[in-house]
1. Can you check how the C-alpha radius of gyration of the stretch 199-246 compares to 2.2 N^0.38 Å, as a plain ratio?
2. Rg and Dmax of the stretch 102-177, using alpha carbons, in Å: what are they?
3. Accessible area per residue for the stretch 281-337 in Å², computed with a 1.4 Å probe and the full protein assembly in place, what is it?
4. Taking only the alpha-carbon atoms of the chain, what semi-axes of the equivalent ellipsoid follow from 5 times the gyration tensor eigenvalues under a square root, in whole Å, largest first?
5. Keeping the other protein chains in place, figure out the carbon and sulfur percent of the accessible area of the stretch 213-273, with a 1.4 Å probe.
6. Cα to Cα, under 18 Å, and not fewer than 8 places away if on the same chain: which lysines meet these conditions relative to residue 136?
7. If you count, for each residue, the other Cβ atoms within 10 Å and average over each peptide, how do 208-220, 247-259 line up from highest to lowest?
8. Ignoring any ligand, DNA or RNA, what whole percent of the accessible area of the stretch 22-165 comes from carbon and sulfur when the probe is 1.4 angstrom?
Amino acid sequence: MKPLNNCFRLLLVLFLLQGCKRQTAAEAAILVKNEVRYAKGFSIQHYFGYSILRVQNPWPKATKTYTYILAEKNGKVPDSLQHFPCIAVPIKTIVVTSTTHIPSLEMLDEAQTLVGFPHTDYISSEKTRGLIEAGKVKELGNNHDLNTEVLLDLHPDVIVGYGIDNHNPTLDNLEKSGLAVVLNGDWNEETPLGKAEWIKFFGAFYGKQKEADLLFTTIEKDYLHTLKIAKKATSTPTILAGDMYEDHWYLPKGSSWGSILLKEAQGDYLWEETRGTGSLSLSFETVFEKARDADFWITSGQFTSFKEMIDSNPHYAQFKAFKTKNVYSFSGKKGKTGGVLYYELAPNRPDLVLKDIVKLLHPELLPGYEPYFFAPLK
C-alpha cells in the first residue's frame, strides 16, 4: 500500500502546486488595481504591457461605458480586448479640447506634446501661451466643429474630447477618419477632489502614473488639511453667488462642486438646498428677495470693479454685500488674450480654491495667506 500512498501524495502535491501557480498568475496579471478614489467618471487598471481605461460618465445620464486600451511597446493585448480602441503609449502628441485639460499637461511636464486646440485665445497659462505664440499649437476652430483638415495633417496620437450629450458628430467623424478619440468627463464630476483626480487619466497616456498619483496626493493632502482648519470657524456667513447675464441670474446648484466648496469652507450658501449640478437660472427679483442681506457675494467673474457692476445693473447696489464691500471676483487673473485663469486651473487645484474661500470668509484662520484666485472688487 505504500507505493499507492506515495503516488497519491505526489498527485496531491502537484495539484496544490498547480493551484498556487494559477492563483499567483491571476494576481500578478494586474500590476496596480484601480486607484481612482474620488472621481466617478473613470477607472484605470494596469496590466503587464497594457492598461484598461474606462470612462463611465462623460456627460449627465450617460448610459454607455467607453473602454480604451493603452498598449505599451511590445505589450501583448489579449484577444478578448482587441475590439476596443487601442492607443500606443506613451504618446508623443495630443490634442485637447478644454482649457481644464491644460493644467494636467503642464503639471505632468508634457505641455510640449500639445499640438492643437480649439479657440487658443481661451488659454490663459503663460507656458502654453508661449507654445501657441511659437506656432507649436495649431488653432482648430470651434469645439463642436473642429477643423478636420488640420487634425488629419497633425495626426496626433490622441484627441481628448468631450460631449454634453450622446450627439457628438464631430468626434464621430474624426474617429471614422482614423484618428484616436478619447472622451473626457472631468467637467461632470460633482466633488472638488473628483475633478482634480482626472490628472491620473492624463498620466496614463504618458506612462506617468506614479507622477500623477504623487501630484494628486499632494493636492488631496493640502485640501484635507485646509478642511480641518475650516472646521474651527465659529461662524457660517451667508453667501450669494453669480450675477445677471442677459436677463437671467446664473448661480451654482446645490450639488455642484462650487457649492460644495462654499459649504466646506464653512459658508452658508443660500441655494445649497437645490439639487443637481450645473447652474440655476433665476430672475433678479427672486435672487434679491432671498439674498439681499447675504454677508458675502462671489461674482461670476464678469466684473473687476464696483463701477462695472453699477454700470451693468444699478440695482446691484441694493445688496448688503455690495454696500459693505464684501464682493469678490476671480476675474483679476487673465491670460494675454483674455482667458480667465480660474476657469482653466481651478478644477485641477481645489486645494487653492478652498484655501481662498476660507481666507475670505474666516481670515483669522489663515493668517498671512494671500488668496490665489479671489480678490475684492475695486
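1. Numbers: Rg = 17.7 Å, N = 48, 2.2 N^0.38 = 9.6 Å.
Dividing the Cα Rg of the stretch 199-246 by 2.2 N^0.38 Å gives 1.85.
2. Computed over the Cα atoms of the stretch 102-177, radius of gyration and Dmax are 12.7, 36 Å.
3. Numbers: 2950 Å² over 57 residues.
Per residue, the stretch 281-337 has 52 Å² of solvent-accessible surface.
4. 46, 27, 18
5. For the stretch 213-273, the apolar C and S fraction of the accessible surface comes to 54 percent.
6. The qualifying lysines are 92, 127, 336.
7. Numbers: 208-220: 16.9, 247-259: 19.0.
Highest-to-lowest ranking by the protection proxy: 247-259, 208-220.
8. Details: 3820 of 7550 Å².
The C+S portion of the solvent-accessible surface of the stretch 22-165 is 51 percent.
The values are calculated or read from the model by the stated rules, or taken from the named source; none is laboratory data. This is a predicted model, so every value here is computed, not measured. Ideal geometry is used to build each Cβ from the backbone, glycine not excepted, and the neighbour counts take in all protein chains shown. Keep in mind that these areas ignore ligands, DNA and RNA; they rest on the heavy atoms of the full protein, side chains included. Shrake-Rupley method; radii C 1.70, N 1.55, O 1.52, S 1.80 Å.
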